[in-house]
Structure formats: structure tokens, C-alpha cells
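Notes for the one structure printed next.
Coordinate-derived values only; no laboratory data. Only a predicted model underlies this, so the values are computations on that prediction, with no experimental measurement involved. Cβ atoms come from the backbone with ideal geometry, glycine included; neighbour counts cover every protein chain shown.
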Amino acid sequence: MMNDEKALSSSFIVLSSSLKIMQHTISILVANEPGELSRIVGLFSARGFNIETICVGKTLEPAWSRCTIVTEGDDRTIEQIIKQCGRLARVREVRAVTKSPHIEREMALIDVSVSAGRERQEIMNLVQIFRAKVVDISHEKMILELSGDWRKVDTFIEMLKPFQINEVTRTGCVAINRLSPFETAEAETQTANAAA
Amino acid sequence: MTSVANIPAVSSVPAAAAQILETVKTPAPRGAEILVRGLIKNGVETVFGLPGGAVLHIYDEIWRFRDEISHYLVRHEQGAVHAAEGYARATGKVGVALVTSGPGATNAVTGIATAYMDSIPLVVITGQVPSTMIGTDAFQEVDTFGVTLPIVKHSYLVKDVRDLEAIIDEAFQIAKSGKPGPVVIDVPKDITAMLCDNPRKLHAEYLFESKEETIDETALNLVVEKLINARQPIFYVGGGIVTADAANELMRVVETLQIPVTPTLMGLGGFPTAHDLCLGMLGMHGTYASNMAVSESDLLVAVGVRFDDRVTGKLATFASNAEIVHIYIDPSNIGKVKKAHVSLIADAKTALGKIAEKLAAADQTEISDGVKNRESWWLKVNDWRNSAPFACEYSQTEIKPQHLIEELYRVTNGDAIIVTDVGQHQMWAAQFYPFKRSRQWLTSGGLGTMGFGLPAAMGAQLACPDSQVVAVVGDGGFQMTNQEIITAIQYKIPLKVIIMNNGYLGMVRQWQEMFYDRAYSEVDLSISPDFVKLAEAYGAQGLRAEKPEDLKRVLEEGLNFKGVTIFDIVVSKEENVFPIIPAGQDTRNMILK
């Protein structure tokens, strides 16, 4: 799991060096049974692979769950992770989503201190720019909801930093492959932009 | 005709009463019965175990089914799992161990890990506290599922008695299919008591369908082409040959092509050591010839091996001039340690069988040209062979360990199944007992478990009553599991255990001598029990040899004895295993003496 504090303070650094880090999103179809998730997590820890985020939910078939894991490493590490997960008796499918065009989403709930007036107006501007939502509000605080790929979430949090952020909770990534191959160009542009 | 007349009398019983009668006759079986019947259905004849509170219902059924399934009562659960492993290693069948919850399960862990590292098919049934008490720190409760998680191929915690039958069937399937391994079934006590006549299927039906691998035809043709044309090729073969029973296919391929073969520690027996094409064992304590040949090869054909660090030494320099062909059943092992140029995902038997077929169909002049082109390679290889063969040591005054193994080979005509622990004795046995066939060499390779040999030999002897089984162990490892001698006595298993007694934890002492300035830190075992008296206390035959001239007589006497024999063979104290490649170094840095 990403450490909130670290994410806040270094999000731009993460952005500018994202090419080196090589994050990968792996999608695993695993039996919806007790212990199967710990088997997957155990594979990661036993081999010293770090899990950045992990998300699990039911699929159309209730007996199977989809588990989305974001991890980092070079191509060989990722290949190993995929093969090791594929060995498990209750894993039906392992896919490196990031290897082909895909859509990736993460959601964040952000509790930020903000006084009425100009400050609140500035936040509302950011909310509009990022197409976020205000889900709760009091005289001193707001709770904002945002979904998007992790870079967008990182950037939003960064933009909120001049205000006082009290708490951030992030869901971790879910991902799905695109229907058409056209995303490739866009994804590359995005990465290039991030690197610049 | 009279019998027909009798029928109305039988059917005159009222229908309702007949139904009641039926229910009384066959009540729904309880979980424990389903479990034991499941074992029998899956062909299990032999179970090693030790009872306890959580498995009382199961043991009650073991008692009821005692004519159909033989249970061997060990004295420590580690012994049960090792014995099951010995049984599995000697036959290729799935070994079965049955232990209770808590300490029963934790004692079994070493055995499970040993089987996991060497890919041995096992089903280990562990009792568990009643499901209502799981998580309450109940008496003899341990999270067996969690504890064994990283050392099993698969595991179950049975939560519903209706799943039990499917779980047993699936466990055997998983244990022996693909790359074999241990499967743990954790069964809570209440599940074994519950009655059930409506079993259900789990994920069993779609478990294997998507995992079938087919050999890539292009890769296969490429491999065959490389094999035919390679100038300096070598086959590096491992446990996969033994597991897949691929010895014949391997022989066909290498004899056709006249390519040298080097087996790993786990691959010993998969190719006859004494064969002309065999260069002997590869790796840290392997032959000079095989290590040099791998270093200088231009094509390394790795079959059923996983590039273990005890084989490769320093990875960067291992077979650095060679193209690597990796044939392995489990895709996760391909490219894990060393990048393969071509890989075939298949078991050794299938892959080598296909290669042999292609060779038979190939242009035979091309093949014979290839063989001719390799003549200069063979000159080099034979030079290495002759320059530094394994050297057996002899002495007039003391028994040299290498001499002991040679003598054992002679006395057993080279036919015995040899079972070892880990350490110096293991390496000498590997070096000086030329194996003829698969499953003749049973050793704890990956985990390197002291105490493996004695109980595993017991299991192997039960599995192969017509073979001579000999455990060769050190004085250190022997003392870790010698309680199982009494198990062998109880069941009249003619266990033969040779203790290579040098009064040291020998391999550690050797490393301290060579790499730690002879600081012999905590390796002295000179204070040991009198092993002959110990054997006699168990009711076994105890024999000792201290002088070279006694060796042959003592071995013959003990091996001909129709019962359990413990040999205390006192060997020279500070003998070292050579050659040795220091851990993590280039294989060319082999120390020969």
C-alpha cells in the first residue's frame, strides 16, 4: 500500500521519474475462497516483490474474483510475478494489463480543511478542473471524491497541498483492457508528458 | 425354482419398513469415513502417521478399514512425512501422511518443505480443532493453513463436510500432476464427525482445462536443428528426468547424437553414471569434466533442471559461451535464474520423446556429419575426464569414506536404492556409487534436510520390498530421526542404516577448515551415544567397523541379516569432499584437492 505521507510529499518526484520505476498492473482471476488471496500476497512477499496497491472484487461468476495488483519492477520481475501467480491451483488467468491498451482507475477520498470564502472558491475551481466531487462539507472542512488514473489522483492531491489536507484514502487501482488498440498512442503521450 | 418361490416372502415386508431397514443398514457416512474411503479410492495402500485428539475420528476409521489400508505408526511426525516422501520418491506414487493438529502439524513442516523443494507428490492430512473453535487459541490449535502456505503446492482448510470427497480427489490430482508437490488438507475435528450423503464438487472441473501446455512446434524444430549442428553441446539433466520417467527418451536422443550428459544431484540415476556419454555429476561437488564441459559448451540443453545455485556457482560465468535450451514443465522456472535462448514448456518425457521422433525422421547424413564434427569436442571432454577423475582414497589404518561407498557398491552389486541425509556423506555417496536407474537415489536436495535419510529409507523399503534399500547418513543427521528405528522394528521393515561416523558435523567442519581459518565452531560430535548399543536397545542389529579390513565383512554380515541393522562405520575424521567450487564462484575456480 502506498504510504500517504510519502505519496503527498513526493508525488511530483514520482511523476517525473515514472519511466524508471516501471509500474505494472496485473489482473488475476482467482477462486473466491478463503486463503486464496493470502496465497497470492504470499508469493509477492516470499520473493521480495512489493505490492503498491491491491484491489479485489467479485466477477460475474460468483465463484471467481478479480484481483488487481499494482507492482513495480523491470520486465523480468513482472514476468516472474505473472508466471508464479499462474502456478497457483486456484488461479485461472493472469494478465499484465499494462502491456496492452487499458483503462485504469483509482478513487480517492480527501478530507481537506478549508474556510468559507475565497479558499473554498479555489477548491471548487480545482474540483471542476479535475472533475472531482464534493461529497461532504462543514464550516471548516470538505470531503472530496476523485477518480481517475493514479497520476491524476497524485496531481489532484498535489494541487490541494497548499490547503490543509487532513486525510487521504485511496482505493488502489482497478484496470481493464481497452476494446480497441487505439489507446496506445494516447498512453505513450501521457507517459511522455509525465516524464517532461 | 425354489429361490423364485422365496421372492414373494421377501417382498412381503411393507415398503415403509423396508425403507427404514435400508436407512439403518447404510447410514450417511461421517467425514472421517469419507476421508479414508477417499484415500482408498485414490489408490492409497500405505499411510504414515501419528494420532492425536483432533484426528481421533479419522483413526477410528483407519482402524475399521485396517484390512484395506495399512497405517504405520511413526514416533515423530517428521518421520511420517519423510517416510511418505521415501515411498513417493521410490515409486512416483503419491505419499500420504496423517498427523494431528498443532504440534503434529508443525512437526510435519520440515518434511513438507523438503517435498516442496524437491517436487515430491505428497498428501498430508492434518487434524484441526473443531471449526467452531478455530481462532480461539484452542488447545493444540495452530494455523496450519497459514504456516504451510509458502511450502505447499496447494492446501485446503475443509469448512464443509460436503466438500471433503472432492477435496481428497483433487488433492491427489494436484499433488501428482504437472510439477508435483505436497498438498496439505487441514480437517477440523467436527467435520470428521459430521454425517454427509450429499457430497458436492468444488472448482475441480475447471481446474486444469486452461493450464494444458502444448509444445511449440517452431521451438521444437529449432531445438532439433541446434542439437544436430552444435559443435560443443552438453545435456544438463535433473530431477525432471526422474519425475517424468524420461530415462529412455534421454538415452535415445543422446546416443543418436553422441552428446555428453551431466546429471545434477537430483538427476542422478536418470542417466546411468557408468555410461560412456555420462561425465558425472555437475555442480559444487561434481566432476571436473562436467563443470569444464558446461563452461566451454556452445549449447547447453537443460532438461528438468532449475539452475540451482549449487550447480551454477557464479551465474554470470555459468555456461557463458553457450546458447541455452531450457526444457521444463513449469513456465515459472524458465528465465527465473538464467535467460534461455529457446525454451520448451513440457515434461522431459514428452519433450525428449518428440525430439527423438524428429531425429529419427531427420536426414541421417546430417546427423552423422554432426557427430563427426563433435569429435574434437570429445577429445577435449575426455582430456578433462582423464585429468581429474574422482579419486577414491584408501588407507591402511582407517576407513576412508569414499572407500566405504565403493565397498557398499560392490557388496550391493550397484543395485541398492541409496537414501541419504545432507552433507559430506551425501556427496561421497553421489560421487562414488554409480547409479544405474531412476529412483535408485533418494536424497534431500533442495532443502538439504538432516534426518531425512532414515525415515525415508523406511518408506522406500515398504514401497519396494524386493529391493535392497540402504540409508547412508552422518552421525549428526542420524541423531535427528533415529527414533524411527523402533518403527522399523515394530513393522519388521528390514531397514539398513549406515552411519558414516566421523565425529563431526562434517560438511560444516570442512567449510570452517577451508573458509574460516579452521575455527571449528560447534561442530564436534565426538560425544555421541554408542550407536551399536543404541541399535541393540531398539532390538536391532548393531555392527561397528573401525578398520579397513573389517569393512567388507561387516557390510556383508549386516546386509544379509533379515532385520534392522545399524552400521556404525568409523571413518577418517577430517576428510574433505573434493572437488569443491566455493559458493558463488566461477565453476572454473574448482578446488581439486
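Of the GluC sites (Glu not before Pro) in region A:84-178, which ones lie in a loop per DSSP and count no more than 16 other C-beta atoms within 10 Å?
Those that pass, being in a loop and sparsely packed, are A:Glu140.
Mind jotting down the three principal axis lengths of region B:215-266 based on Cα atoms? Whole angstrom, largest first.
Extents along the principal axes, in whole Å: 28, 25, 16.
Order by neighbour count: B:Glu398, B:Glu68, fewest other Cβ atoms within 10 Å first, most last.
Arranged by neighbour count, lowest to highest, B:Glu398, B:Glu68 become B:Glu68, B:Glu398.
Quickly estimate the mean residue ellipticity at 222 nm for the protein assembly as shown, helices only: each DSSP H run with n ≥ 4 gives -39500 (n - 2.57), and the total goes over all residues, rounded to 500.
Computed ellipticity for the protein assembly as shown at 222 nm equals -12000 deg cm²/dmol.
To the nearest 20 debye, what charge dipole does the protein assembly as shown have about its Cα centre, counting +1 at the Cβ of each Lys and Arg and -1 at the Cβ of each Asp and Glu?
Magnitude of the dipole: close to 500 debye.
Hey, rough spin-label estimate for B:Glu557 and B:Met133, points 7 angstrom out along Cα→Cβ, what's it come to in nanometres?
Reported label-point gap for B:Glu557 and B:Met133 is 5.3 nm.
Any idea which of B:Val99, A:Val174, B:His76 is furthest toward the positive side of the dipole for the protein assembly as shown, if Lys and Arg beta-carbons carry +1 and Asp and Glu beta-carbons -1?
A:Val174
Please identify every one of the trypsin sites (Lys or Arg not before Pro) in region B:48-78 that sits in a loop by DSSP and has no more than 10 other beta carbons within 10 Å of its own beta carbon.
Hits after loop and neighbour filter: B:Arg66.
So if I restrict to the alpha-carbon atoms in chain B, what is the Rg, and what is Dmax, the biggest pairwise distance, in Å?
Rg then Dmax for chain B, in Å: 26.7, 96.
In whole angstrom, how far apart do the alpha carbon centroids of region B:377-402 and region B:274-315 sit?
If you average the Cα positions of each part, the centres end up 17 Å apart.
What do you get for chymotrypsin sites (Phe, Trp or Tyr not before Pro) in region B:533-593 restricted to DSSP loop and a cutoff of at most 16 other Cβ within 10 Å of the site's Cβ?
Within region B:533-593, the qualifying chymotrypsin sites (Phe, Trp or Tyr not before Pro) (loop, at most 16 other Cβ atoms within 10 Å) are B:Phe561.
Find the relative contact order for chain B and round it to a whole percent, using C-alpha pairs within less than 8 Å whose residues are 6+ positions apart.
Relative contact order comes out at 13 percent.
Using Cα atoms only, what is the angle between the long axis of helix B:548-560 and the major principal axis of chain B, expressed in degrees (0 to 90) to the nearest 10?
It is inclined by approximately 30 degrees.
May I ask for log10 I(q)/I(0) of region A:19-99 at q = 0.18, 0.21, 0.27 Å⁻¹, from a Debye sum over the Cα atoms as equal point scatterers with solvent left out?
Results for region A:19-99 at q = 0.18, 0.21, 0.27 Å⁻¹ read -0.67, -0.91, -1.48.
Within 10 Å of each Cβ in B:99-107, how many Cβ atoms from other chains are there, averaged over the peptide?
Other-chain Cβ atoms within 10 Å of each residue's Cβ, averaged: 0.
I need to check one value: relative contact order of region B:320-424, counting alpha carbon pairs closer than 8 Å and at least 6 residues apart, in percent.
It rounds to 14 percent for region B:320-424.
Given the pairs B:Lys179/B:Lys349; B:Lys400/B:Lys533; B:Lys176/B:Lys496; B:Lys153/B:Lys349; B:Lys400/B:Lys562; A:Lys83/B:Lys153, which are separated by over 19 angstrom at their Cα positions?
Too far apart for the 19 Å limit: B:Lys400/B:Lys533; B:Lys176/B:Lys496; B:Lys153/B:Lys349; B:Lys400/B:Lys562.
Counting Lys and Arg as +1 and Asp and Glu as -1, each charge on the Cβ, what is the dipole of chain B about the Cα centre in debye, to the nearest 20?
Result for chain B is approximately 340 debye, rounded to the nearest 20.
Place +1 on the Cβ of every Lys and Arg and -1 on the Cβ of every Asp and Glu in the protein assembly as shown, take the dipole about the Cα centre, and give the residue among B:Ala356, B:Tyr59, B:Leu555 whose Cα lies farthest towards its positive end.
B:Ala356
Considering every residue in B:141-153, what mean count of other chain Cβ atoms within 10 Å of its Cβ is obtained?
That works out to 2 on average.
Which whole-angstrom value gives the distance between the alpha carbon centres of region B:77-141 and region B:522-593?
Going from one Cα centre to the other spans 30 Å.
With θ set to phi - 60° and the Karplus curve 6.51 cos²θ - 1.76 cosθ + 1.60, what are the ³J(HN,Hα) couplings of region B:404-415 in order, to the nearest whole Hz, using x for Gly and Pro?
4, 5, 4, 5, 4, 4, 5, 5, 9, 6, x, 9
Given just the C-alpha atoms of region B:299-439, how large is their convex hull per residue in cubic angstrom?
179 Å³
Report, by chain and number, residues whose modeled amide H sits under 5 Å from the one on B:Val571, excluding near sequence neighbours (fewer than 5 apart, same chain).
Excluding prolines and chain starts, which carry no amide H, the hits are B:Asn501, B:Asn502.
Using the per-residue mean of other Cβ atoms lying within 10 Å as a proxy for protection, in what order, highest first, do the peptides B:121-130, B:317-326, B:105-114 fall?
Result, highest mean first: B:121-130, B:105-114, B:317-326.
What nm distance separates the two modelled labels at A:Met124 and B:Glu574, each placed 7 Å from Cα along Cα→Cβ?
So the two model labels end up 8.9 nm from each other.
Can you work out ³J(HN,Hα) from phi for every residue in region A:35-44, in order, using Karplus 6.51 cos²θ - 1.76 cosθ + 1.60 and θ = phi - 60°, giving whole Hz and x for Gly and Pro?
x, 5, 5, 5, 5, 5, 4, x, 4, 5
Once you have the Kirkwood Rh of the protein assembly as shown from its Cα pairs, apply Stokes-Einstein at 4 °C and 1.567 mPa s and quote D in µm²/s.
43 µm²/s
How many percent of Cα pairs in region A:88-152 exceed 15 Å?
62 percent
With an 8 Å Cα cut-off and a minimum separation of 6 or more residues, compute the relative contact order for region A:19-99 in percent.
46 percent
At 20 °C and 1.002 mPa s, what whole-number value in µm²/s does Stokes-Einstein give for the translational diffusion of region B:393-535, with Rh from the Kirkwood sum over Cα pairs?
136 µm²/s
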